[in-house]
Amino acid sequence: MSTLGTIQHLKNKVEQIGEKNILRSMDEAWRAFVYVPQRVTTTGAHIRDAIDLKRTMATVVIALLPALLVGMWNIGYQHYLALGQTVDFWAIFGFGARTVLPIVLVSYAVGMGIEAVMAYWHGREVNEYTWVTCLLVPLVLPPTIPLWIVALDISFAVLVGKVGFRGIGKNIFNAVAFAHLFIWCLFPAHMRGNVWIALGPNETTIEGFSSISAWAQATQGGELSHYYITDILMGWVPGAIGTISITATALGGLLLLLTGIANVRIVFSMLLSGFLTGCLFNYVGGSPCLDLPAVYHLLLGGFAFGALFIATDPLTSSQTNAGKWVYGLLLGSLAMLLRLWTPISGEAVFLAILIMNIGARLIDWYVVQCNIKRRLNRYKVKK
Amino acid sequence: MASVIRLSKGLDIVLQGKAENVFSKCDAPLAYAVQSADFQGITPQLLVQKGAAVKAGTALFCDALYPPIRFASPVSGVVADIVSNNNQVQIIITPNATNEFETFDVSPIEQIDRPQIVSTMLQSGAWAFLVQRPFGVIAAPDAVPNNIFISGFDTAPLAADADFLVNGEGDAFQAGINVLRKLTKGKVYLSLCADYPANKVMERAKGVEIVRFKGKHPAGNVGVQIHHIAPISKGDVVWTIAPQHVIALGKLFTQGVYDVAKVVALVGSEVKKTRYYRMTAGASLAVLADLLQASATPQRIISGNVLTGTNAGLDGYLGFYHNEITVIPEGNAAELLGWLLPCTRKFSHSRICFSWWMPNKQYRLDTLTNGSTRPFVADGEYERVLPMDILPSYLFKAILEHHTERAEQLGIYEVIEEDVALCEFVCTSKINVQAILRQGINELRIKN
């Protein structure tokens with residue numbers, strides 16, 4: 001029997017099981033995942049654009065892959081650097097993959113599992129937003145994170161961040177930032193300090209090697225001079241799994257900007273206002289954090305990653321064109337202010353995004369009111 | 001030099017099967033139908049019975065809520081059948097060999113006044129030519145519109161060339177304009193495309209204010225043009241009429257006949273020879289069977305264009321307001337990993353597909369939705385294709401929440417389905433926003 005014949009045979013078997021069976025639902029979910037459905041237009045426009053949410057979210061996942069792959073390599077690189085060993089590329093990448101893949105797999109297994117159960121519960125299809133959430137959640141975590149915390153993180157993101165708001169499309173907070181801060185508050189020991197270099201059992205770093213993140217080193221008065229700027233651009237410094245490489249982030253971000261998935265208004269205005277705010281504080285100066293050149297603020301600590309992949313979430317950011325500019329400008333400044341003036345500095349981008357998620361609704365309200373007012377003025381002029 | 005209004009937003013969907021500017025002949029239809037569903041906002045009440053003999057211009061049914069508004073037979077013949085379904089009627093007429101017309105009084109247009117014009121149009125069925133904005137419903141005879149708008153070009157995918165449709169009908173067109181001028185207290189606006197000179201029938205029309213538009217679809221939609229010329233507010237009423245109906249109106253007042261014969265483009269990737277045909281509104285589409293390409297896959301025969309037309313099928317009829325019949329393939333295959341593979345043969349407004357690299361490529365699009373329905377993802381895609389100062393996603397959400405007052409504030413008076421058809425086309429979430437808008441309009445009409 002051919003492969004297609006076997007698939008058809010199995011499909012028929014599942015259909016025979018009955019209407020209200022979880023196996024049947026799983027079969028439907030699987031088919032909804034692998035196929036663009038054979039669904040034709042019945043009302044309105046007879047033809048439709050090739051774009052759909054699956055293709056959009058698949059593109060975001062593809063855009064995140066460079067960050068994931070470079071992140072894997074960097075975890076291995078930092079590991080062997082900390083041990084003072086020199087090994088070949090595949091050994092480095094192999095260690096990174098062994099460290100990172102379980103984290104990613106746990107995130108997908110738990111996140112997609114919860115989403116599948118919820119979809120079955122509500123009698124709907126699995127929403128593709130979860131594909132991206134399940135990848136973003138591990139990318140912003142340190143490599144030493146225990147797997148059970150990853151499971152808790154993604155569970156919180158899907159259950160509270162999305163389902164808690166009556167589903168995707170109704171959530172007001174970005175689920176990734178929401179869950180990340182929750183975990184950061186709950187388990188600070190696993191999220192701060194010497195958690196950025198993955199070490200095996202019974203392994204210790206060479207003397208004098210710091211396991212804190214490059215961002216923390218810079219802002220706590222440590223010297224960044226032992227890192228070349230190329231190291232920082234490529235992401236060969238200690239930090240979170242996927243946010244550390246500016247090159248990989250920019251590569252993925254470029255894909256999102258070119259395809260129009262990430263809104264250029266938000267990204268540009270956030271980076272610009274972040275940079276200008278940083279410059280302003282450079283001028284004020286007075287502490288290592290304030291004296292750190294503004295450009296390093298954009299390169300370290302996940303600022304660029306947050307701007308490209310998290311702040312641009314279309315569901316929780318501002319939804320009007322004018323509002324997106326304001327949202328980006330305020331977000332960039334707020335993120336910079338929080339990281340310079342509060343103890344949360346490392347996670348400031350996430351906190352700023354959550355705060356601005358609320359602000360986005362207010363910004364949009366003003367933009368909509370302006371639109372209404374213009375129409376009303378027209379009416380008054382006529383009268 | 002007439003003013004030019006440039007619209008930067010919009011989207012041209014380039015499909016295979018545009019009509020050549022050539023006339024061709026098809027067999028005479030064996031049946032005609034007048035369908036109440038073609039006319040928005042009416043409740044049909046029958047005026048004839050099965051078996052009745054009718055002429056072109058004989059009233060078949062009227063609006064139960066406003067009985068003077070009548071809808072007439074397009075040809076002479078016998079009422080073969082009356083089909084009622086969901087408060088709609090379809091009256092099928094078997095034509096006779098010689099087309100006979102009801103005759104209506106003909107007086108020089110300069111000498112007749114507004115009430116006489118309204119009376120003749122109501123009697124003859126020609127009142128249905130006039131569509132009112134807001135709401136896109138049949139105009140109310142007792143209202144006096146601020147202005148009357150005519151769109152002299154159509155930018156919809158594979159739309160019939162309006163210049164070709166009016167060619168050689170200069171006198172009737174001018175007579176129609178003269179009649180329209182007496183119906184409004186304002187102006188009669190004629191919108192033309194700024195990219196090329198229009199047919200001299202429209203270029204030389206007198207008594208109209210010509211406004212030129214430059215831009216992608218929906219620049220040719222009369223609703224978009226109204227928005228940029230004299231936008232509608234609450235309480236305003238304007239009327240719109242299609243160029244071919246202006247000609248029919250002119251004939252009514254110069255020849256005394258209700259003649260809804262028109263030029264129709266047969267277009268689409270599944271048509272053997274995409275050309276223009278002279279047909280009468282309501283003609284059976286069965287005569288087109290021989291003109292379609294032989295295909296193993298089913299075809300969708302649409303009366304109208306691919307964005308707003310009706311899925312008529314070969315057993316359907318030409319819509320009252322439609323100037324083209326579009327035939328495209330039905331989608332009949334689920335695509336394995338279709339959401340991941342490069343979409344070289346598909347069209348997208350976004351840059352996810354490669355269609356933006358090939359702006360002149362002609363696409364053979366089918367009827368697949370290309371995805372499943374999802375919640376609203378507002379990322380500005382609606383705004384990119386709607387060249388109006390309206391926030392469409394907020395308007396649709398207000399309608400879904402049955403918040404009519406907010407829908408009014410957000411501009412529901414200014415749009416009808418055809419204006420938001422591109423929003424529906426580009427929607428990532430595959431939401432049928434045209435139906436949502438009509439639901440909102442109906443709720444607002446009930447409330448008013």
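Odds and ends about this structure:
- Distance from region A:150-223 to region A:240-314 (C-alpha centre basis), Å: 18
- Unpaired Cys in the protein assembly as shown, meaning no second Cys C-beta under 4.7 Å: A:134, A:185, A:279, A:289, A:370, B:26, B:62, B:193, B:423, B:427.
- Chain B: angle of helix B:114-124 to the longest principal axis, Cα-based, in degrees nearest 10: 80
- For GluC sites (Glu not before Pro), the sites in region B:367-448 that DSSP calls loop and that have at most 14 other Cβ atoms within 10 Å are B:401.
- Under DSSP loop assignment and at most 13 Cβ neighbours within 10 Å, longest GluC sites (Glu not before Pro)-free interval of chain A: A:20-202
- Averaged over the residues of B:360-373, the number of partner chain Cβ atoms lying within 10 Å of the residue Cβ comes to 6.
- Here the scattering of the protein assembly as shown is modelled by Debye summation over its C-alpha atoms, one equal scatterer each and no solvent; at q = 0.09, 0.10 Å⁻¹ the log10 of I(q)/I(0) is -0.93, -1.06.
- Pairwise centroid distance, computed over Cα atoms, of region B:240-269 with region B:1-38, Å: 13
- For chain A, complete DSSP H runs whose alpha carbons reach 20 Å or more along their own long axis and whose mean Kyte-Doolittle score is -1.0 or higher are A:3-17, A:53-83, A:89-122, A:264-284, A:321-341, A:348-382.
- Principal axis dimensions, region B:76-188 - Cα atoms, whole angstrom, descending: 43, 40, 34
- Positive contributions from Lys and Arg (+1) and negative ones from Asp and Glu (-1), summed over other residues with Cβ under 11 Å from the Cβ of residue B:330, come out at -1.
- Largest GNM mean-square fluctuation among A:151, A:63, A:29, using chain A with Cα springs under 10 Å: A:29.
- Gaussian network model of chain B, Cα within-10 Å springs - most flexible of B:391, B:336, B:190: B:336
- For region B:39-90, trypsin sites (Lys or Arg not before Pro) are listed when DSSP marks them as loop and at most 15 other Cβ atoms sit within 10 Å of their Cβ; the list is B:50.
- Summing +1 for each Lys or Arg and -1 for each Asp or Glu among the other residues whose beta-carbon sits under 11 angstrom from that of residue A:370 gives +1.
- Both radii come from the Cα set of region B:381-447: Rg as radius of gyration, Rh as Kirkwood radius; their ratio Rg/Rh reads 0.93.
- Helix axis angle, B:170-181 relative to chain B longest principal axis, alpha carbon, degrees: 90
- Formal net charge of residues neighbouring residue A:257 (Cβ-Cβ distance under 11 Å; K, R +1; D, E -1): +2
- DSSP assigns beta bridges within region B:31-102; of those with both partners inside it, close to 95 percent run antiparallel.
- Beta bridges assigned by DSSP with both partners in chain B are antiparallel in approximately 65 percent of cases.
- Cross-link pairs beyond the 18 Å C-alpha cut-off, checked among B:273/B:346; B:9/B:214; A:170/B:447: B:273/B:346; A:170/B:447
- If you run the Gaussian network model on chain B, springs between alpha carbon atoms under 10 Å, then out of B:60, B:437, B:47 the most flexible one is B:47.
- Debye intensity ratio in log₁₀ form over the Cα atoms of chain A, taken at each q of 0.12, 0.13 Å⁻¹: -0.96, -1.09
- Amide N proximity, region A:159-203 versus residue A:148 label position 7 Å along Cα-to-Cβ, cut-off under 17 Å: A:183-184, A:186-191
- Residue B:21/residue B:314 FRET efficiency (R0 30 Å; Cβ-Cβ; nearest 0.05): 0.70
- Rounded to the nearest 10 degrees, the angle from helix B:417-426 to the longest Cα principal axis of chain B is 20 degrees.
- Peptide packing: for A:88-95, A:175-182, the average count of neighbouring Cβ atoms within 10 Å per residue gives the ranking A:175-182, A:88-95, highest mean first.
- Span from the region B:383-448 Cα centroid across to the region B:147-210 one, whole angstrom: 28
- FRET efficiency, 1/(1 + (r/R0)^6) with R0 25 Å, evaluated for residue B:295 and residue B:361 via beta carbons: 0.70
- Here the residues A:185, B:353, ranked from fewest to most Cβ neighbours within 10 Å of their Cβ, fall in the order A:185, B:353.
- Using bins of 10 Å that start at zero, the share of Cα-Cα pairs per bin across region A:262-383 amounts to 15, 41, 25, 12, 6, 2, 0, in whole %.
- Percent of beta bridges antiparallel (DSSP, the protein assembly as shown, rounded to nearest 5): 65
- Maximal additional length on extending the residue A:369-residue A:209 stretch stands at 52.0 nm, based on 0.36 nm per residue less the C-alpha distance.
Every read-out reported here was derived from the displayed coordinates using simple, explicitly stated rules and does not represent laboratory data. This one's a predicted model, so the numbers in the text were calculated from it and none came from an experiment. With ideal geometry, Cβ positions are generated from the backbone for all residues, glycine too; neighbour counts draw on all protein chains shown.
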